[in-house]
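Data block below; observations after.
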Amino acid sequence: MVFVLAGSAGAADFEVKEVLAGEGMVSSAHELASQAGVEILQKGGNAIDAAVATMLALNVVESNASGIGGGGFMTIRFAKTGEVVELDYREVAPYSATKDMYASEASKQAKESVLGGKAVGVPGIVMGIFTALEKYGTMSFAEVAEPALRLAEEGFEVHPMQNGIITDEFEKLAKYSPECAFLPGGLPAEAGTVLKQPELAK
């Protein structure tokens, strides 16, 4: 059993169901990401392979909360032995960050903790993914990344909550990344439209 914590921006509307599975199960914040994990299990991958595939797919469909620019934890329990191992790949503060940056919201330094290079943690999730695969997985990175790659290239339907997040961040996106995939035609991607991310796929 693997629990992957990569953060979440809040739950979308969902229906509570009780499900039993004899072989394996994948659960995540987005249906398409869960399907990516199931696909890997069906191809013979183990729980770690499926967890990594799910994380990579979340990077595509829920990048605001689960992108490769962040980090996470992974807890693994081996069924045969009961052994539990944990991987900590949380992002860390950049080298030039200082404690004074977080002291007062009114200070100039505090603003550096919100916007700009010093506000961004050094990502840990990519290291976590490769460490998990190397130590405990059975498939290659190319194999587990295939579902996410397909989602990025072919696109997926924008959820209303995702549209809301893009709209909330429109001013920053328009200022720093006006031609990004989230702003087709210079405006926030609308709910129900297909969002493709060819640059991310590369």
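The values are calculated or read from the model by the stated rules, or taken from the named source; none is laboratory data. Given the structure is predicted, the values throughout are model-derived calculations rather than measurements. Here the Cβ positions follow ideal geometry from the backbone for every residue, glycine too, while neighbour counts run over all protein chains shown.
Can you tell me how many residues in the stretch 1-45 are aliphatic (A, V, I, L, M), surrounded by 21 or more Cβ atoms within 10 Å (Cβ to Cβ) and modelled with pLDDT of 95 or more?
Adding up the residues that qualify gives 3.
Mind counting the residues in the stretch 49-71 that are surrounded by 24 or more Cβ atoms within 10 Å (Cβ to Cβ) and in a loop (DSSP other than H, G, I, E, B)?
Result for the stretch 49-71: 1.
When you look at I48, is it in contact with a Pro (Cβ under 9 Å, 6 or more places away or on another chain) and modelled with pLDDT of 95 or more, yes or no?
Taking the combined requirement at face value, the residue does not satisfy it.
Tell me which helices (runs of 4 or more DSSP H) are completely within the stretch 127-194 and hold 3 or more residues being aromatic (F, W, Y) and at pLDDT 95 or above, or say none if there are none.
Of the helices (runs of 4 or more DSSP H) lying wholly inside the stretch 127-194, none has at least 3 residues that are aromatic (F, W, Y) and at pLDDT 95 or above.
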